[in-house]
Amino acid sequence: MQAFTQHTGTTVPLMNDNIDTDQIIPKSFLKRIEKTGFGEFLFDEWRYLPDRSLNPDFILNEPQYQGAEFLISGDNFGSGSSREHAAWALADYGFRAVIAGSFSDIFYMNATKNGLLPIVLPLEARQKLAALPADQAITVDLPNQQVIADGETYEFEIDGTWKHKLVNGLDDIAITLEYADAIGEYEGK
């Protein structure tokens, strides 16, 4: 998993509340077993017209938001099913963090386990971030738990265990491998 310490990038506002996992990645695309390749299907029913051409009215398709690495959203992001594919699709598309008012518990866990930082900020802060020009970068500083934008700093909370894993790029497998010597010694007995 890619470590997340301090990252600077642009944002895209999608301020809808209650964006569920089926909207993030429709169930028809869940047939793969790899964690990659899901980005092209992110928000599929919103991003594409019935003929599979890009929907010019959907914000992620607007040229000025191409390459944005931070998604600014509403409350209750990632509700619905427990599909880990939602976090995979967001990360595969290129997002490093989602900044929302709240997250579904299962989505929050899936995001952190896959290197996608879920940040909870109040509505006023998210509205300020959503109003930034598309080419204006923000910085997310995970060690100091801050979002820095347009001369303002917004503090956020994160559990120390998840912070440690993200800062060090440790997924469950990497953590298990830290105990490889002890595991080998045990198996040897």
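Residue check: residue 125 meets all listed conditions (1) out of contact with any helix residue (DSSP H, G or I) (no Cβ under 9 Å at 6 or more places or on another chain); (2) open to solvent by less than 10 Å² (accessible area, probe 1.4 Å); (3) touching a residue at least 40 places away in the same chain (Cβ under 8 Å); (4) not in a strand (DSSP E or B) but one, namely (3). For the residues 90, 71, the requirement of being within 19 Å of residue 26 (Cα to Cα), open to solvent by less than 50 Å² (accessible area, probe 1.4 Å) and part of a strand (DSSP E or B) singles out 71. In the set 170, 177, which member is open to solvent by 20 Å² or more (accessible area, probe 1.4 Å), over 28 Å from residue 22 (Cα atoms) and modelled with pLDDT under 95? After applying the criteria, what remains is 177. Count of region 27-52 residues, restricted to those that are β-branched (Val, Ile, Thr) and either in contact with a helix residue (DSSP H, G or I) (Cβ under 8 Å, 6 or more places away or on another chain) or part of a helix (DSSP H, G or I) (or both), is 1. Filter region 12-42 for residues that are of a type in the set (A, V, I, L, M, F, W, C) and in contact with a strand residue (DSSP E or B) (Cβ under 8 Å, 6 or more places away or on another chain) and give the result. Scanning region 12-42 gives 12, 14, 15, 19.
Each residue in region 4-32 was checked for being closer than 27 Å to residue 163 by Cα and either open to solvent by 50 Å² or more (accessible area, probe 1.4 Å) or without any contact (Cβ under 8 Å) to a residue 40 or more places away in the chain (or both), and 7 of them qualify. Out of the residues in region 128-159 that are among the charged types (D, E, K, R) and free of Cβ contacts under 8 Å to residues at least 60 places away in the same chain, which is farthest from residue 70 (Cα to Cα)? Among them, the one singled out is 159. Residue count for region 101-116 under the criterion of being farther than 13 Å from residue 81 by Cα, in contact with a helix residue (DSSP H, G or I) (Cβ under 6 Å, 6 or more places away or on another chain) and not in a loop (DSSP other than H, G, I, E, B): the result is 2.
The residues listed here are 153, 161; of these, the one that is among the polar types (S, T, N, Q) and either modelled with pLDDT under 95 or open to solvent by less than 30 Å² (accessible area, probe 1.4 Å) (or both) is 161.
The values are calculated or read from the model by the stated rules, or taken from the named source; none is laboratory data. What you are looking at is a predicted structure, and each value in this text was computed from that prediction instead of being measured. Neighbour counts run over all protein chains shown; Cβ positions are idealised from the backbone, glycine included. Note: accessible area is taken over every heavy atom of the protein model, side chains too, but ligands, DNA and RNA are not part of it. Shrake-Rupley method; radii C 1.70, N 1.55, O 1.52, S 1.80 Å.
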